Amino acid sequence: MDPLLSHRLEDSIARWGQLWDVPKLAAATSLRVSTRFRRSLGSYRASRREITLAAWLVDEPTPLLDEVLCHEAAHAAVHLTYGTGKRPHGREWRDFMARAGMPARVRIPESELPPSRLSAGRPSAPVWEHRCPVCQATRFAKTRVSRWRCLACRQAGRSGRLVIARAASPLAVGG
């Protein structure tokens, strides 16, 4: 991480710590970057007192960087102030976010992500087609579900066993 950016982020944490009356926040919390995040933008691990940010947020700074850092710093502040046992996005966390002037949201709409991060460019999760070989009844799922049976065939005394095959999406099959 760029040393100037790292210093700016640490200053932000210290500023929020003062605002939230948790002066030890910056000193008690470490900051790191990870290239392993695919869906998450950041995380706070209480056991390590460590905030981790997605590398792309730091590499391509956007307005989201401050919001994500504040989000995770608020988790750290809740942990340092109240200990464990509080809901992750409970009243205490929402209060810290409001005092920092940040939205207390858990998910970021795709419309606010940079084009390089949109899921449209990524392959979608495989979809499994479960089809009855007798009556052709079909169900789709993200995972294979071998316990499913065709109800109509079961009621007619047959096994109802479905044939399971990978499909691109429910809209691409049949139609």
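The values are calculated or read from the model by the stated rules, or taken from the named source; none is laboratory data. Because the structure is predicted, anything quoted here is derived from the model rather than measured. Methodologically, a virtual Cβ is constructed for each residue, glycine included, from the backbone with ideal geometry; neighbour enumeration extends over all protein chains shown. With ligands, DNA and RNA removed, areas are computed over all heavy atoms of the protein, side chains included. Shrake-Rupley method; radii C 1.70, N 1.55, O 1.52, S 1.80 Å.
Beta carbons closer than 8 Å, at least 6 apart along the sequence or on distinct chains, pair a first residue in the stretch 12-26 that is within 14 Å of GLY101 (Cβ to Cβ) with a second that is open to solvent by 10 Å² or more (accessible area, probe 1.4 Å) and part of a loop (DSSP other than H, G, I, E, B) for TRP16/ALA100; LEU19/ALA100; TRP20/ALA100.
Results for (1) modelled with pLDDT of 85 or more; (2) in a strand (DSSP E or B); (3) not hydrophobic (A, V, I, L, M, F, W, C), shown as yes or no for each residue.
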{"site": "PRO88", "(1), (2), (3)": "yes, no, yes"}
{"site": "PHE96", "(1), (2), (3)": "yes, no, no"}
{"site": "VAL106", "(1), (2), (3)": "yes, no, no"}
{"site": "SER111", "(1), (2), (3)": "no, no, yes"}
{"site": "PRO123", "(1), (2), (3)": "no, no, yes"}
{"site": "GLN136", "(1), (2), (3)": "yes, no, yes"}
{"site": "ARG139", "(1), (2), (3)": "yes, yes, yes"}
{"site": "THR143", "(1), (2), (3)": "yes, no, yes"}
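Of the residues making up the stretch 133-163, those that are open to solvent by less than 40 Å² (accessible area, probe 1.4 Å) and out of contact with any Gly (no Cβ under 7 Å at 6 or more places or on another chain) are ALA141, VAL145, GLY160, LEU162. Reported count of residues in the stretch 23-50, each being in contact with a Ser or Thr (Cβ under 6 Å, 6 or more places away or on another chain) and either farther than 21 Å from GLY85 by Cα or crowded, with 17+ Cβ neighbours inside 10 Å (or both), is 2.
Taken as a whole, the condition of being without any contact (Cβ under 8 Å) to a residue 12 or more places away in the chain and under 26 Å from GLU110 (Cβ atoms) does not apply to ASP95.
Just so you know, in the stretch 52-92 the residues that are surrounded by fewer than 17 Cβ atoms within 10 Å (Cβ to Cβ) and of a type in the set (Gly, Ala, Ser) include one that is nearest to the chain's Cα centre (by Cα), and it is ALA55.
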